[in-house]
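Here the structure comes first, spelled out in structure tokens, and everything after it is commentary.
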Amino acid sequence: MTIRPPFRTVLVSSIIVSLALPAAAKTPVATGTGGAVATISEPASQAAIAILNKGGNSIDAAVAAAATLGVTDPFSCGIGGGGFMVIYLARDKRVITIDHRETAPASFTPTVFQKDGKELDFDTVVASGMSVGVPGTVRGWHEALDRYGSMSFKQVLAPAIDVATKGFTVSDNFSHLVQGNEAKFALFPATAALYLRNGKAIPAGATLRNPDLAKAYRELAAGGVKAFYSGRMARAIVDAVNAPPTAPGARVAAGKMTLADLANYEARLRQPVHSTYRGYDLYGMPLPSSGGVAVAEALNILEGYDLKAMPRAQAEHLYLEASRLAFADRNAYLADPEFVDAPVAGLLNKAYAARRRELINPRQASAQAPAGDPYPFQNDVSVPLRPNAPKLIAEGAHTTHLTVSDKDGNIVSYTYTIESWGGSGIVVPGYGFLLNNEMTDFDFSGPAPNVPEAGKRPRSSMSPTIAFKDGKPAFSVGSPGGATIITTVLQTIFNYVDLGMSMPDAVNAPRLSERNGLATDVEPGFAGSAQALALEKTGQRWSKEAEEIGAANALVFNPDGTVTAVSEGHRHGVGSALVQQRAH
Ligand code: GLU
């Protein structure tokens, strides 16, 4: 629902700001029949329901919701970025995935982020043209609609165009995110005009319109995928990357992207990663996202324990240790499969998981774990030598996840992003969307599988997942949050399947993110809690800086035929779960 802009209006450049009424209360959990949706944004969930009510399927509704999130959550996602979509086609009983990850321009080399043999400063690269990968979102939406949808771009973009044109109420969360990016956004006048007021974050309660983004969406509605990858919009993207339009005096590095980079961009249809866990069949995202493999490896390790019979702290200790081991392997081996022959079959092998499990001390937390050797567990052992484990790089907590089902049982689990909050910070002038900084997901130096290369996709952590039991959909889950995406999805499955929590409880529980670092990342309020103290008895330790971790979204397909949509009860300003017909 869009809150109409009442009362006072102030004209700031082309954007009208007004003081608006507070947004209607969101419902983070809803059960019913027909289609269901969970996103972090009320207008996005409404857009999905509107499309389902018009007879669209879940693929149509997912694109409609994603396009609306591009308006209301522009710092997490948008057409300037990319993503990973897992789709279940009920009639065919088939799961497919669409990789529309951003791709390195042809100018990229393994040393693109180095100078004189030294790594460039991370934040300086983020806010520059160098960090921008060729955006994949529009090509991904096109493939999804063209192959599996039933509606046109014009139909599914209509709700997002409406929100961008009429405006939406800026939330505390939105304003807070701008605040954290004031310096980055101030570098670029087109960005500052949209999100800053006299150099400061647009306040909560204001109504924000984005007529330029409405125009960009209208061009896609009229011209389809070509309107993005060639012609005026493509030229505007390339210009913004190669000569970032900065404020006077700002020094920002240029990228090197060509019109051919855009014209040549392809989404990839990939086989999902399939794994099993305690009677569930899980389908997740394959490389270049490390999400599916890492979640599956950690669950395979956990499957060897009778977690249900244990005290919670004991089970959670094992969850943290399994996650640590899976991350050691993820960091060492996983990268774009078109460039690196990663030992995926070995990493997914249950016997390999048993070997990894032997390293876990049920009573004592381990230090940082080295990668294992999955090669003997590959079917094909004629593979290259094991690479060195690269060091951990900083990955933030951004992105968005949404999930939709329809009355026919088709399901979409979709995570998409522009990488950091606000991506590169560069709004494409005249088109109202932020360009990603996805190229900073590459390792800045090697040797490592995930070094930058021309036409390569940086390793991701996005983990959209759909689970089945006895051949029928059981639940879907996914999350934002950089590398914490993997642990959030893993922990939510562990909470739900092993600790026996309801899905809302599983989603809302405090997150513990162990990624083979020196300490486990936790959220504010966790340290000092009874749960924390119980885990400290096995030597688990927490990072000093607590931060909110990944706002997840899920669907549960109940045995009575109803669906429960589950969004966040408290993270990222509360999510929005809706169903077509509510159960009474
Ligand atoms: N770039 C991240 C990834 O693909 C997602 C962005 C984030 O959430 O930090 O894994």
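The values are calculated or read from the model by the stated rules, or taken from the named source; none is laboratory data. As the structure is a prediction and not an experimental result, all values here were calculated from the model. Backbone-built Cβ (ideal geometry, glycine too); neighbour counts: all protein chains shown. With ligands, DNA and RNA removed, areas are computed over all heavy atoms of the protein, side chains included. Shrake-Rupley method; radii C 1.70, N 1.55, O 1.52, S 1.80 Å.
Would you check if V451 is over 18 Å from the mean Cα position of the chain (by Cα) and either at pLDDT 95 or above or outside any loop (DSSP other than H, G, I, E, B) (or both)? Before the answer, list the steps.
On the way: over 18 Å from the mean Cα position of the chain (by Cα): yes; either at pLDDT 95 or above or outside any loop (DSSP other than H, G, I, E, B) (or both): yes.
The answer is yes for V451.
For region 42-147, list the helices (runs of 4 or more DSSP H) that sit wholly inside it and hold at least 3 residues that are among the polar types (S, T, N, Q); which are they? Steps first, please.
Details: elements: 42-53, 58-72, 122-126.
Output list reads 42-53, 58-72.
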Please determine whether any residue of region 41-54 is buried (at least 24 other Cβ atoms within 10 Å of the Cβ) and farther than 28 Å from A221 by Cβ. no
Which of the residues that make up region 332-371 are hydrophobic (A, V, I, L, M, F, W, C), surrounded by 24 or more Cβ atoms within 10 Å (Cβ to Cβ) and either free of Cβ contacts under 8 Å to residues at least 40 places away in the same chain or not in a helix (DSSP H, G or I) (or both)? L334, A335, A342
Counted residues in region 412-440 being open to solvent by 10 Å² or more (accessible area, probe 1.4 Å) and within 11 Å of the ligand (Cβ to nearest atom) come to 3
If you scan region 94-125, which residues turn out to be within 19 Å of G425 (Cα to Cα), open to solvent by 10 Å² or more (accessible area, probe 1.4 Å) and of a type outside the set (D, E, K, R)? T103, L120, F122, T124
If L269 meets every condition in (1) within 24 Å of E438 (Cα to Cα); (2) assigned to a strand (DSSP E or B); (3) open to solvent by less than 50 Å² (accessible area, probe 1.4 Å) apart from one, which number is that one? (3)
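Check L187, L194 and return the single one that is of a type outside the set (S, T, Y) and touching an Asp or Glu at 6+ places or on another chain (Cβ under 9 Å). Give the steps one after another, and end with the answer.
Numbers: L187 fails: touching an Asp or Glu at 6+ places or on another chain (Cβ under 9 Å).
None of the others qualify; the one that does is L194.
For region 485-520, which positions are within 13 Å of the ligand (Cβ to nearest atom) and open to solvent by 10 Å² or more (accessible area, probe 1.4 Å)?
Of all residues in region 485-520, those within 13 Å of the ligand (Cβ to nearest atom) come to 485-489, 513, 515.
Within region 485-520, just R515 meets the criteria.
Regarding region 559-567, can at least one residue be identified that is in contact with a Ser or Thr (Cβ under 8 Å, 6 or more places away or on another chain) and open to solvent by 50 Å² or more (accessible area, probe 1.4 Å)?
Applying the first criterion (in contact with a Ser or Thr (Cβ under 8 Å, 6 or more places away or on another chain)) to region 559-567 yields 561-565, 567.
Narrowing the set further to residues that are open to solvent by 50 Å² or more (accessible area, probe 1.4 Å) leaves 561.
Scanning region 559-567, I find at least one residue that is in contact with a Ser or Thr (Cβ under 8 Å, 6 or more places away or on another chain) and open to solvent by 50 Å² or more (accessible area, probe 1.4 Å), so the answer is yes.
Would you say S445 is within 12 Å of the ligand (Cβ to nearest atom), in a loop (DSSP other than H, G, I, E, B) and hydroxyl-bearing (S, T, Y)? Steps first, please.
Numbers: within 12 Å of the ligand (Cβ to nearest atom): no; in a loop (DSSP other than H, G, I, E, B): yes; hydroxyl-bearing (S, T, Y): yes.
Answer is no for this residue.
So, in region 182-217, how many residues would count as being part of a helix (DSSP H, G or I) and surrounded by fewer than 19 Cβ atoms within 10 Å (Cβ to Cβ)? Step through it out loud before you land on a result.
Restricting attention to region 182-217, the residues satisfying the condition of being part of a helix (DSSP H, G or I) are 182-186, 189-195, 211-217.
Among the residues that remain, those that are also surrounded by fewer than 19 Cβ atoms within 10 Å (Cβ to Cβ) are: 182-183, 186, 189, 193, 211, 215.
Qualifying residue count, region 182-217: 7.
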Modelled with pLDDT of 95 or more, open to solvent by less than 10 Å² (accessible area, probe 1.4 Å) and within 16 Å of the ligand (Cβ to nearest atom): does that describe D329? no
Counting only residues that are free of Cβ contacts under 8 Å to residues at least 40 places away in the same chain and among the polar types (S, T, N, Q), how many does region 492-512 have? 2
For the list (1) surrounded by fewer than 18 Cβ atoms within 10 Å (Cβ to Cβ); (2) of a type in the set (K, R); (3) without any contact (Cβ under 8 Å) to a residue 60 or more places away in the chain, I need the number of the one condition that R541 fails. (3)
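Can you tell me which residue within region 279-297, out of those that are more than 16 Å from the ligand (Cβ to nearest atom) and in contact (Cβ under 8 Å) with a residue 60 or more places away in the chain, is least open to solvent (accessible area, probe 1.4 Å)?
First, pick out the residues of region 279-297 that are more than 16 Å from the ligand (Cβ to nearest atom): 279-283, 296-297.
With in contact (Cβ under 8 Å) with a residue 60 or more places away in the chain added as a condition, the list becomes 279-283.
On the way: G279: 50, Y280: 32, D281: 46, L282: 9, Y283: 55 Å².
Only one residue fits best here, namely L282.
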Tell me which residues, restricted to region 149-177, are surrounded by fewer than 20 Cβ atoms within 10 Å (Cβ to Cβ) and under 30 Å from R270 (Cα atoms). S150, S152, K154, Q155
Going through region 455-484 in order, the residues found to be more than 12 Å from the ligand (Cβ to nearest atom) and not in a strand (DSSP E or B) are G455, K456, D470, G471
Is one or more of the residues making up region 187-200 over 14 Å from L434 (Cβ atoms) and among the aliphatic types (A, V, I, L, M)? no
